[in-house]
Amino acid sequence: MIPRYSRPEMVAIWEPATKFRIWYEIEAHACDAMADLGVIPRENAEAVWKANDVEFDVARIDEIEAVTKHDVIAFLTHLAEHVGSEEARFVHQGMTSSDVLDTCLNVQLVRAADILLADLDRVLAALKTRAYEHKDTLRVGRSHGIHAEPTTMGLTFARFYAEMDRNKTRMQAARAEIATGAISGAVGTFANIDPRVEEHVCAQLGLEPEPISTQVIPRDRHAAFFATLGVIASSIENIAVEIRHMQRTEVLEGAEFFSMGQKGSSAMPHKKNPVLTENLTGLARLVRMAVVPAMENVALWHERDISHSSVERMIGPDATITLNFALNRLAGVVEKMLIFPENMLENMNKFPGLVMSQRVLLALTQAGVSREDAYAMVQRNALKVWEERLDFQELLLADAEVVAALGEDAIREKFDMGYHTKHVDTIFKRVFGEA
């Protein structure tokens with residue numbers, strides 16, 4: 001991933017040096033287990049740990065791989081250069097390359113998941129803070145982009161909080177599903193290695209033994225993991241699109257923070273563009289781009305092939321690094337976001353009183369008017385508000401048929417904004433679990 005959209009902690013997980021370190025730990029722990037079982041001499045296992053403080057030479061491994069055309073063999077050759085050929089002769093005994101590659105990949109994905117879970121916590125904290133801050137801040141709700149009925153800005157933030165909270169649950173499940181390792185040898189039968197070696201290695205690395213592997217860990221696990229990343233990315237875009245709509249000039253109910261010295265356009269000095277949330281929409285597309293290839297990786301030939309390998313070398317780093325960046329960018333946007341309550345009320349009153357049409361409709365039906373007649377009575381007045389920007393309440397008060405059905409006081413009572421916010425506390429309790 002390019003540095004522009006990368007954060008150091010996540011990038012470090014995918015560095016070659018990190019990968020080789022994990023490979024080394026897998027091999028060293030396997031040697032320990034085999035020594036405990038009496039399969040190899042204890043002194044050979046201990047000799048492998050002499051490389052514990054070694055910083056593996058990535059360039060040297062690449063140099064060896066240029067000859068061997070095999071990355072794991074290149075690493076094992078380099079390890080023997082540090083440990084000694086005789087001491088290292090039992091390294092990788094009974095194992096196959098996928099034991100190292102797949103177990104390492106899952107360690108990396110687990111570590112990435114832990115970072116992403118912390119990122120989600122930051123996003124959730126920001127959304128919760130803004131939800132309570134604007135719990136009672138009125139704004140018009142929109143369906144199809146058109147004014148519908150009143151809601152609050154706090155409910156908007158609470159809705160996004162609930163969505164991201166579900167995503168946290170999904171991420172926790174994806175982490176658990178991917179946290180398996182396999183040290184089962186060629187075609188996964190343990191013919192040349194004791195299953196207890198796998199159990200030991202997995203315990204040391206914080207993984208669970210894969211119940212049944214072939215020569216690879218089943219890729220449905222990885223498909224579920226990357227699908228979860230895709231869902232989280234879509235939720236990021238959902239929030240970003242809402243903020244982008246709010247920042248439109250003719251709406252301006254909320255906006256990204258515009259810092260001192262920031263420029264919005266090279267041509268128009270007046271511009272304040274929603275560049276961060278537009279960027280988040282683009283980043284979400286990149287994360288979702290990994291989902292279909294991960295799904296297609298599930299179907300492999302017989303006990304293994306490597307059609308999945310090139311895909312995972314790319315989508316593993318790119319998807320996790322991009323999502324890590326996007327979650328932190330989103331958190332920053334929400335934390336610093338500007339909110340304009342006055343504009344919200346002004347927008348709601350662009351068509352005075354029109355958002356109360358359903359309440360009048362229901363009142364008419366409760367007063368004995370048929371739904372069809374009630375709808376016609378309300379709509380004929382509502383359309384005048386659309387076309388002439390007249391006051392909906394005044395039109396209803398001037399409509400003899402409506403007044404006859406409801407009375408003037410009852411009509412006026414239907415324009416109380418508090419009617420639409422009376423259950424906000426109930427919704428907040430459902431979302432946040434607090435009084």
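Please identify the GluC sites (Glu not before Pro) of the range 36-118 that satisfy two criteria: DSSP loop assignment and at most 14 other Cβ atoms within 10 Å. Which are they? Intermediate results must be reported in sequence, preceding the final value.
On the way: sites: 43, 46, 55, 63, 65, 81, 86, 87; in loops: 55, 86, 87.
Those that pass, being in a loop and sparsely packed, are 55, 86.
Can you give me the accessible area per residue for the chain, using a 1.4 Å probe, in Å²? Spell out each step's value before the answer.
Values: 20850 Å² over 435 residues.
Each residue of the chain exposes 48 Å² on average to a 1.4 Å probe.
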- Message: Counting only helical runs of four or more DSSP H residues, what would the 222 nm mean residue ellipticity of the chain come to if each run contributes -39,500 (n - 2.57) and the total is spread over all its residues?
- Response: -20500 deg cm²/dmol
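Loop only per DSSP, at most 16 neighbouring Cβ atoms within 10 Å: give me the trypsin sites (Lys or Arg not before Pro) in the range 218-262, ordered by residue number. Don't skip to the answer; put the middle values down first.
Details: sites: 219, 221, 244, 248; in loops: 219, 248.
Taking the range 218-262 and a limit of 16 other Cβ atoms within 10 Å, the loop trypsin sites (Lys or Arg not before Pro) found are 248.
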- Note on the structure: Partner lysines whose C-alpha sits under 29 Å from that of residue 350, ignoring same-chain residues fewer than 8 away, are 135, 271, 272, 336, 384, 414, 422
- Note on the structure: Of the convex hull enclosing the alpha-carbon atoms of the range 163-300, the direction-averaged projected area in nm² is 12.4 nm²
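With 14 Å as the cut-off, how large is the P(r) tail for the range 320-372, expressed as percent of Cα-Cα pairs?
Working: 1000 of 1378 pairs.
Summing the P(r) tail past 14 Å for the range 320-372 gives 73 percent.
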- Centroid-to-centroid separation of the range 242-260 and the range 299-378 [C-alpha atoms, Å]: 16 Å
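Jot down the per residue volume, in cubic angstrom and as a whole number, of the convex hull over the alpha-carbon atoms of the range 340-430.
Working: hull volume 10.3 nm³, N = 91.
Cα-based convex hull of the range 340-430, divided per residue, equals 113 Å³.
Let me know the shape class of the range 25-101, please: from the alpha-carbon gyration tensor, a ≥ b ≥ c as square roots of the eigenvalues, rounded when a/c is under 1.5, otherwise prolate if a/b is greater than b/c, or oblate. Kindly include the intermediate steps, with their values, before the conclusion.
On the way: a/c = 2.16, a/b = 1.56, b/c = 1.39.
Prolate is the answer for the range 25-101, as a/c is 1.5 or above and a/b outweighs b/c.
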- Assuming a ≥ b ≥ c are the square roots of the Cα gyration tensor eigenvalues, decide whether the range 188-233 counts as rounded (a/c under 1.5), prolate (otherwise, with a/b larger than b/c) or oblate. oblate
- What is the distance, in nm, between label points placed 7 Å from the Cα along the Cα-to-Cβ direction at residue 143 and at residue 17? 5.7 nm
- Query: So who's got an amide H within less than 5 Å of the one on residue 139, skipping anything under 5 residues away but keeping other chains? H placed 1.01 Å off N, in plane.
  - Reply: 151, 152, 153
- Query: Relative contact order for the chain using alpha-carbon pairs under 8 Å, separation at least 6, rounded to a whole percent?
  - Reply: 17 percent
- Among 390, 345, 311 the positive-end extreme of the charge dipole of the range 282-435 (Cβ point charges): 311
- Query: So for 71, 425, what's the accessible-area order with a 1.4 Å probe, most first?
  - Reply: 425, 71
- Message: Connecting C-alpha atoms closer than 10 Å in a GNM of the chain, tell me which of 369, 72, 197 has the biggest fluctuation.
- Response: 369
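How charged is the neighbourhood of residue 33? Take every other residue with its Cβ under 10 Å from the Cβ of residue 33, and add Lys/Arg as +1 and Asp/Glu as -1.
On the way: positive: 196; negative: 32, 36, 194, 198, 199.
Local charge sum for residue 33: -4.
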- Item | For the range 161-278, size of Cβ-based charge dipole, Lys and Arg +1, Asp and Glu -1, in debye | 440 debye
- Message: Going by amide H atoms built from the backbone, whose H comes under 5 Å of the H on residue 180, apart from near neighbours?
- Response: 208
- the range 47-91 versus the range 1-22: alpha-carbon centroid distance in Å: 21 Å
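Rounded to two decimals, what is Rg over Rh for the range 104-202 when you use alpha-carbon atoms and the Kirkwood radius? Present the calculation step by step, with values, prior to reporting the outcome.
On the way: Rg = 22.3 Å, Rh = 16.9 Å.
Value, to two decimals: 1.32.
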- Query: With θ set to phi - 60° and the Karplus curve 6.51 cos²θ - 1.76 cosθ + 1.60, what are the ³J(HN,Hα) couplings of the range 278-293 in order, to the nearest whole Hz, using x for Gly and Pro?
  - Reply: 5, 4, 5, 4, x, 5, 4, 5, 5, 5, 5, 4, 7, 5, 5, x
- Could you give me the ³J(HN,Hα) list for the range 403-410, computed from phi with Karplus coefficients 6.51, -1.76, 1.60 and θ = phi - 60°, whole Hz, x at Gly and Pro? 4, 5, 7, 10, x, 5, 5, 5
- Excluding same-chain residues fewer than 8 positions from residue 19, which lysines have a Cα within less than 27 Å of its Cα? 50, 69, 168
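What do you get for Rg/Rh of the range 220-364 when both radii come from the Cα atoms and Rh is the Kirkwood radius? Spell out each step's value before the answer.
On the way: Rg = 21.6 Å, Rh = 18.3 Å.
Radius of gyration over Kirkwood radius for the range 220-364 works out to 1.18.
Give me the percent relative contact order of the range 272-391, please, defined on Cα pairs under 8 angstrom at least 6 residues apart. Walk me through the numbers before you get to the answer.
Values: 60 pairs, mean separation 28.0, N = 120.
Worked out over the range 272-391, it gives 23 percent.
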- Message: Is the C-alpha gyration tensor of the chain telling us rounded, prolate or oblate? Criteria: a/c under 1.5 is rounded; beyond that, a/b larger than b/c is prolate, otherwise oblate.
- Response: prolate
- Query: How much of residue 130 can a 1.4 Å solvent probe reach, expressed as accessible area in Å² and rounded to 10?
  - Reply: 20 Å²
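The values are calculated or read from the model by the stated rules, or taken from the named source; none is laboratory data. Note that the structure is predicted; figures quoted are calculated from it, not measured. With ideal geometry, Cβ positions are generated from the backbone for all residues, glycine too; neighbour counts draw on all protein chains shown. SASA here: full protein model, heavy atoms, side chains in, ligands and nucleic acids out. Shrake-Rupley method; radii C 1.70, N 1.55, O 1.52, S 1.80 Å.
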